[in-house]
1. Just wondering, is there one or more residues in the range B:53-70 that are within 14 Å of chain A (Cβ to nearest Cβ), within 18 Å of B:ARG99 (Cα to Cα) and out of contact with any Leu (no Cβ under 6 Å at 6 or more places or on another chain)?
2. Considering only residues that are under 17 Å from B:GLN81 (Cβ atoms), open to solvent by 70 Å² or more (accessible area, probe 1.4 Å) and assigned to a loop (DSSP other than H, G, I, E, B), which ones fall in the range B:11-54?
3. Considering only residues that are open to solvent by 40 Å² or more (accessible area, probe 1.4 Å) and within 25 Å of A:LEU39 (Cα to Cα), which ones fall in the range B:55-75?
4. I'd like to verify a number: residues in the range A:20-40 that are within 12 Å of chain B (Cβ to nearest Cβ), closer than 16 Å to A:LEU111 by Cβ and surrounded by fewer than 15 Cβ atoms within 10 Å (Cβ to Cβ), how many?
5. Just give me the residues in the range B:1-10 being surrounded by 13 or more Cβ atoms within 10 Å (Cβ to Cβ) and either part of a strand (DSSP E or B) or charged (D, E, K, R) (or both), in sequence order.
6. Are any residues in the range B:76-95 within 14 Å of another protein chain (Cβ to nearest Cβ) and assigned to a strand (DSSP E or B), and if so, which ones?
7. Mind telling me which of the residues A:THR13, A:THR76 ends up being out of contact with any Asp or Glu (no Cβ under 6 Å at 6 or more places or on another chain), at pLDDT 95 or above and of a type outside the set (Lys, Arg)?
8. Would you point out which residue out of A:SER58, A:SER75, A:SER95 is out of contact with any helix residue (DSSP H, G or I) (no Cβ under 8 Å at 6 or more places or on another chain), over 30 Å from B:VAL11 (Cβ atoms) and polar (S, T, N, Q)?
Amino acid sequence: DTGVSQDPRHKITKRGQNVTFRCDPISEHNRLYWYRQTLGQGPEFLTYFQNEAQLEKSRLLSDRFSAERPKGSFSTLEIQRTEQGDSAMYLCASSFRRVNSPLHFGNGTRLTVT
Amino acid sequence: GDSVTQMEGPVTLSEEACLTINCTYTATGYPSLFWYVQYPGEGLQLLLKATKADDKGSNKGFEATYRKETTSFHLEKGSVQVSDSAVYFCALRFKQGSRLTFGEGTQLTVNP
């Protein structure tokens, strides 16, 4: 168990640019989640996958955000035309499908939009 | 909508002091309740959980009891250590696979 891995750890971009983050979940886990956390706040749910299927999306996930999980393994989160309000920590988590299986979180990708 | 409210922080205690971090929730129905902890420089980790009313979750000396009548899940520890310094998040979830709804977090600092 190498844990949930996220890349990059930090990303600085200029407003209007596109960015893409990657998450590698724990290999046996079939559920993968994306959250966003701003300073002083708890994580906010964005979306989750079961295997390759995206089963739920938050209203926070505007049209500029898209997430994929091809082949049910790693996942990518892309933000198009970034805005300063997108600056946050983006967290990925994975879990088994079993009832109340705990979520295992990665260390996150910190995005700064200048 | 569903929500979780935690006591305002930050909380600063001396080593061996008693800790209580309050958590209350608003939800339709009976969610599962969780405490997650985030140590400096690390990802969120599950600390403890309770899945039904009157259940008590416990781990590493921390405890929390699911109180349906007061819609609360307060985190307690009888004697804190410096190594307990972290941010603590209360959270709820209704069914497997659905979203975790987090509180805003409480920063705990324990001084030697």
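1. Residues of the range B:53-70 that are within 14 Å of chain A (Cβ to nearest Cβ), as a first pass: B:55, B:57, B:59, B:66.
From what's left, within 18 Å of B:ARG99 (Cα to Cα): none.
No, the range B:53-70 has no match at all.
2. Within the range B:11-54, B:GLU15, B:GLU16, B:CYS18, B:PRO40, B:GLU42 meet the criteria.
3. Hit for the range B:55-75 is B:HIS74, nothing else.
4. Count: 2.
5. Going residue by residue through the range B:1-10, those that are surrounded by 13 or more Cβ atoms within 10 Å (Cβ to Cβ) are B:2, B:4-7, B:9.
B:ASP2, B:VAL4, B:THR5, B:GLN6, listed by residue number.
6. Result: B:ALA86, B:VAL87, B:TYR88, B:PHE89, B:CYS90, B:ALA91, B:LEU92, B:ARG93.
7. Working: A:THR76 fails: out of contact with any Asp or Glu (no Cβ under 6 Å at 6 or more places or on another chain).
Unique residue meeting the criteria: A:THR13.
8. Numbers: A:SER58 fails: over 30 Å from B:VAL11 (Cβ atoms); A:SER95 fails: over 30 Å from B:VAL11 (Cβ atoms).
Being out of contact with any helix residue (DSSP H, G or I) (no Cβ under 8 Å at 6 or more places or on another chain), over 30 Å from B:VAL11 (Cβ atoms) and polar (S, T, N, Q) holds for just one of A:SER58, A:SER75, A:SER95, which is A:SER75.
The values are calculated or read from the model by the stated rules, or taken from the named source; none is laboratory data. Fair warning: this is a prediction, and the values are worked out from it, not measured in the lab. Note that each Cβ is placed from the backbone with ideal geometry, even for glycine, and that neighbours are counted across all protein chains shown. Surface accessibility is based on the protein's heavy atoms, side chains included, excluding ligands, DNA and RNA. Shrake-Rupley method; radii C 1.70, N 1.55, O 1.52, S 1.80 Å.
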